Amino acid sequence: MEAKLITYGETALDKLAQWLRSTGQPQDITSVTEQYLDLLRQLVVEDENND
Amino acid sequence: MISQDGVIAPPTFLGNEEQQQLAKEIFQLMVMQGALFAVDAPIRQTRSNLVQFLAEQKQIDPESLAAAIDAAILANPSVFAREEIEDDVVYITSRSGTYRPQTEDLSHMFKDRLYQPEKPLPIDDISVVVSTTRPALTTVEPVFISDYWQIQAGLVPVPRGVPTEGAEESESISAGQPSPETSLVSETPAFSASVEEAVVAEAAAEPEAVDAQESDLVAEPEVVRSATEIVVDGQVIDLAWPVEQLMASYGPLLERALLAAIDRDPLNQIVSFGRNVYPQASLVNLGKNDLRRIRDYILEVGEPLLDTTIIADLYYHNPRQADYEGFRFSLNYRLSREKDFDFVGVEGARLWSTKGLPIIGTKRVKASEMGQLTSYLEEGFDDSLESQSAEAIKESGSVSRLLTFFEWEYGVLPFDESLKALFPPLMLPDQRSAIFRIDVPQHYTSYLAEVRVPTGSRGGWLQGLEDFFREHLVPGALITLSRTEEPNVFVLQYEEAESSEDRLLTLDEKKNKLAFTNVTYYCVVDEDQLINQQRFGKLRNLKLFPMADRRKADLLLEHIFETVGDQLGNRSEPLYWIKLDDLYVAANVLRPFSKSYLRLLLNEDERYYADDSVADAYFYKPEQKPELLEEESYEEEIDDEEDYPSMRRGGRRFRDDDE
């Protein structure tokens with residue numbers, strides 16, 4: 001995905017919720033932010049590498 | 001053809017006479033077949049059917065008739081369409097005399113409109129445009145409109161880096177001529193790129209002598225960002241960086257933006273409480289009965305309760321259970337959304353209060369009044385860190401301070417910088433207060449104290465220590481507040497001493513006046529701030545202004561000078577003198593003051609001026625008030641030697657006969 005199509009806090013929020021569900025515990029916002037950045041990186045960086 | 005009055009005119013047939021006749025006959029047959037069809041609906045008939053029917057009627061050879069029919073149809077392409085299917089031929093016409101294949105217009109389909117122009121929203125963002133729920137009652141509710149549509153409507157400016165059609169054009173135009181910004185970006189090393197530097201350089205690159213209007217018209221060229229950069233609250237974030245690097249550089253910004261986005265999410269997929277987040281689908285459902293039980297239990301105990309206490313006592317959940325933290329989050333989140341419950345805890349001690357609990361602190365001072373009385377703290381006249389730095393307080397975990405009369409009388413401590421450094425910050429953004437337990441190990445007692453944090457221009461304060469102060473301490477006593485391992489528990493200590501007896505200032509509430517009474521106390525005091533009759537005898541004449549009037553600091557200051565200051569002038573030209581330390585003690589009888597706030601009031605009014613011969617002493621030369629002179633002469637007659645305070649603005653006067 002192109003970075004310009006990403007809206008921080010909106011894009012891939014469903015995937016973040018999915019990850020949260022899989023942890024089974026409430027998470028601190030710091031670790032959630034790290035996980036979210038990781039998700040966005042996967043969307044953008046890996047996509048770029050594939051291109 | 002259809003005429004204006006709705007009559008369908010027969011078509012004109014082409015070909016030779018025989019073909020025209022045959023075509024006309026076929027057309028009439030097909031129109032009869034589709035007599036109930038729409039005018040432009042297709043009427044189909046196969047060649048074999050036509051041959052069979054006409055051959056029987058005309059008694060001619062079917063094969064030659066088939067060739068004749070085909071020739072007649074082909075001679076009239078405007079009337080008939082011809083389709084070959086397998087081993088037969090189908091002729092198509094309509095009642096209007098012509099056939100046009102119908103085309104379906106799909107250009108306005110909803111799914112197509114969502115994707116024009118080029119995929120404005122990812123598919124999971126449909127919810128920001130279309131509501132997924134239908135309210136039971138029709139209510140006018142705010143609708144979140146995505147940034148994309150707001151930008152399209154021109155309601156918000158286009159943020160830098162957001163692609164627009166114009167931007168794409170400008171990018172393509174400027175592709176051959178790199179702008180200063182592009183060179184900046186390209187020259188900056190990937191991991192040391194500092195946006196601040198870029199902004200400074202950008203500002204320096206702008207020509208200075210550009211006309212303001214012109215500079216408005218010339219739009220800033222878009223910064224050409226790499227394919228991995230996104231914009232978060234105006235900050236360019238490069239997703240090519242490692243996550244650790246991103247968190248180290250922009251952690252607080254990213255966390256804040258993500259929390260805000262989670263709260264805005266219309267699907268409410270993730271919910272938050274404080275710094276914790278949890279999927280909405282995993283929340284434990286707590287119903288009305290649960291809420292009622294929790295409320296009843298808090299009321300039964302009679303004080304705010306920890307979430308862990310509620311869970312243990314009402315739900316018998318064990319912290320070792322796998323779902324404990326999830327249940328705890330669910331409870332906190334549910335209670336935070338109920339108006340009957342107030343969160344009064346801090347991080348690490350989540351306390352819940354409910355309506356009906358006893359009020360903590362004095363009822364003699366309203367919260368609105370107290371907020372105004374301590375507003376000077378928020379105006380920059382807080383000198384509480386002069387003797388102890390905030391770092392020292394945070395490190396040592398304790399604060400020492402001398403009690404003033406107002407603090408002692410009402411059990412209130414202004415929430416100044418020293419207390420802010422000692423107490424933990426509130427947990428929720430909309431939280432107004434927190435409740436702490438103050439243990440007094442010297443007397444094996446504990447008190448609940450409420451911290452009201454500053455809001456806007458109003459100051460904060462801590463209340464609830466009225467009973468302890470009045471019972472064990474006197475104004476001028478040195479107290480020490482210390483943190484404990486529990487974030488919501490503090491320890492209050494004072495230095496004990498041999499019993500001392502003195503005539504100290506007290507407030508007689510029944511008579512609503514100040515008086516000196518014999519008091520025995522057992523604590524170490526600062527002699528300069530001990531308000532005894534010997535040093536501060538005149539304070540009994542201080543007028544107890546209504547609490548709402550005490551926010552008028554200038555009015556109080558005049559009155560204190562006239563009451564407590566030394567009268568160096570005469571009745572016609574009064575001149576009062578007082579040392580700042582004494583003024584501080586006297587002023588703090590009526591309301592909280594800091595010395596820096598007193599200095600401000602003294603320096604900004606020309607009626608006050610410093611005594612150059614004595615350090616930190618001030619004169620007050622009031623303006624002559626002719627209308628009061630007559631009153632004062634009358635006073636002289638009745639007062640004999642007593643030096644009563646002059647006429648007050650409120651028109652009231654006091655005579656203290658407590659002795």
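The values are calculated or read from the model by the stated rules, or taken from the named source; none is laboratory data. Predicted model, so just to flag it, every value in this text is computed and none were measured. Reconstructed Cβ throughout: ideal geometry from the backbone, glycine too, with neighbour counts over all protein chains shown. When the accessible area is computed, the model is the full protein with side chains, heavy atoms only, and any ligands, DNA or RNA have been set aside. Shrake-Rupley method; radii C 1.70, N 1.55, O 1.52, S 1.80 Å.
Brief remarks on what is shown
- Among the GluC sites (Glu not before Pro) found in segment B:295-398, those both in a DSSP coil and sparsely packed, with 16 or fewer other Cβ atoms within 10 Å of their Cβ, are B:GLU338, B:GLU347, B:GLU379, B:GLU386.
- Evaluated at q = 0.17, 0.19 Å⁻¹: base-10 log I(q)/I(0), Debye formula over Cα of segment B:409-519: -0.91, -1.07
- For segment B:481-546, trypsin sites (Lys or Arg not before Pro) are listed when DSSP marks them as loop and at most 13 other Cβ atoms sit within 10 Å of their Cβ; the list is B:LYS510, B:LYS511.
- Solvent-accessible surface ranking, highest first, for B:LEU65, A:LEU5, B:LEU29 at 1.4 angstrom: A:LEU5, B:LEU29, B:LEU65
- Nearest-0.05 FRET efficiency for B:ALA392 and B:ASP430, computed from C-beta distance (R0 25 Å): 0.20
- Degrees between helix A:29-50 axis and first principal axis of chain A (Cα, 0 to 90, nearest 10): 20
- Per-residue mean of foreign Cβ neighbours for B:313-325 is 1 (Cβ atoms of other chains, 10 Å radius).
- Fully extending the segment from B:GLN624 to B:SER78 would add 185.4 nm, taking 0.36 nm per residue of separation and subtracting the current Cα-Cα distance.
- B:TRP577 sits with roughly 50 Å² accessible to a 1.4 Å probe, with DNA, RNA and ligands left out of the calculation.
- Whether segment B:529-594 is rounded, prolate or oblate, judged on the alpha carbon gyration tensor where a/c under 1.5 counts as rounded: oblate
- Note: relative contact order over segment B:1-93, using C-alpha pairs below 8 Å and six or more positions apart, is 31 percent.
- Label-point separation, B:GLN567 to B:SER457 (7 Å along Cα→Cβ), nm: 3.7
- Structural descriptor for segment B:467-534: relative contact order 38 percent, calculated from alpha carbon pairs under 8 angstrom and at least 6 residues apart.
- Just so you know, the averaged projected area of the alpha carbon convex hull for segment B:479-570 sits at 9.4 nm².
- FRET efficiency for the pair B:LEU29 and B:ALA153, taken as 1/(1 + (r/R0)^6) with r the Cβ-Cβ distance and R0 = 56 Å, rounds to 0.40.
- Peptide B:275-283 - average C-beta neighbours from other chains (10 Å radius): 6
- Interchain or long-range residues, amide H under 5 Å from B:ILE531's placed H: B:LEU505
- Along principal axes, Cα extents of segment B:330-458, largest first, whole Å: 44, 31, 31
- For B:VAL271, residues with placed amide H under 5 Å, excluding near neighbours: B:TYR278, B:GLN280
- Protein-only accessible surface order, largest first, of B:ASP554, B:ASP430 at 1.4 Å: B:ASP430, B:ASP554
- Multiplying each eigenvalue of the alpha-carbon gyration tensor of segment B:471-629 by 5 and taking the square root yields semi-axes of 32, 19, 16 Å, largest first, rounded to whole angstroms.
- Interface between chains A and B: roughly 3200 Å² of accessible area buried, both sides summed (probe 1.4 Å, protein heavy atoms only).
- Within the assembled protein chains, the solvent-accessible surface assigned to B:ASP439 is about 50 Å², based on a 1.4 Å probe.
- Rule-of-thumb Rg ratio for chain A [Cα; 2.2 N^0.38 Å; N residues]: 1.20
- Exposure of B:THR404 as accessible area (Å², to 10), given a probe of 1.4 Å and all protein chains: 10
- DSSP-loop trypsin sites (Lys or Arg not before Pro) across segment B:280-352, with at most 12 other Cβ within 10 angstrom: B:ARG320, B:ARG337, B:LYS339
- Contact order relative to length of segment B:242-312, as percent, for alpha carbon pairs under 8 angstrom and 6 or more apart: 12
- Backbone N within segment B:372-393 under 15 Å of label point (7 Å from B:SER596 Cα along the Cβ vector): B:375-391
- Projected-area average for segment B:464-530 over all orientations - Cα convex hull basis, square nanometres: 5.6
- Computed from the C-beta positions of A:ASP14 and B:GLU485, the FRET efficiency with R₀ = 35 Å rounds to 0.30.
- Expressed as a whole percent, the accessible area of segment B:392-501 that falls on carbon and sulfur atoms is 44 (1.4 Å probe).
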